[in-house]
Amino acid sequence: MSNLSQMEFNAIREIASGHVTCACKLNDYAQKCTDPQIKQMFTKAAQDAQKSAQTLAGML
């Protein structure tokens, strides 16, 4: 995937950045939760968002 145009590179970087932001927010929500099931849901969603960000960053 090293033949990305500058526009494609910037788009992927912006999407990956959004996933990182989402992961941070979800982790924050999880820390504030008292319900264990909701806490687990937020934690899992944060992990998934972080994994997506890493996958996208790997394309760069």
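By how many degrees, between 0 and 90 and to the nearest 10, does the Cα long axis of helix 36-58 differ from the longest principal axis of the chain?
10
Per q in 0.12, 0.20, 0.24 1/Å, what log10 I(q)/I(0) does a Debye calculation on the alpha-carbon atoms of the chain return?
-0.35, -0.69, -0.84
For a protection proxy built on the mean count of beta-carbon atoms within 10 angstrom, sort 50-57, 5-12 highest first, please.
Going by the mean number of other Cβ atoms within 10 Å, highest first, we get 50-57, 5-12.
Rounded to the nearest 20 Debye, what is the dipole magnitude of the chain about its Cα centre when Lys and Arg each give +1 and Asp and Glu each give -1 at the C-beta?
160
Each value in this text was obtained by applying a stated rule to the coordinates, not by laboratory testing. Not measured: the values here are computed from a predicted model. Using ideal geometry, Cβ is built from the backbone for each residue, glycine included, and neighbour counts are taken over all protein chains shown.
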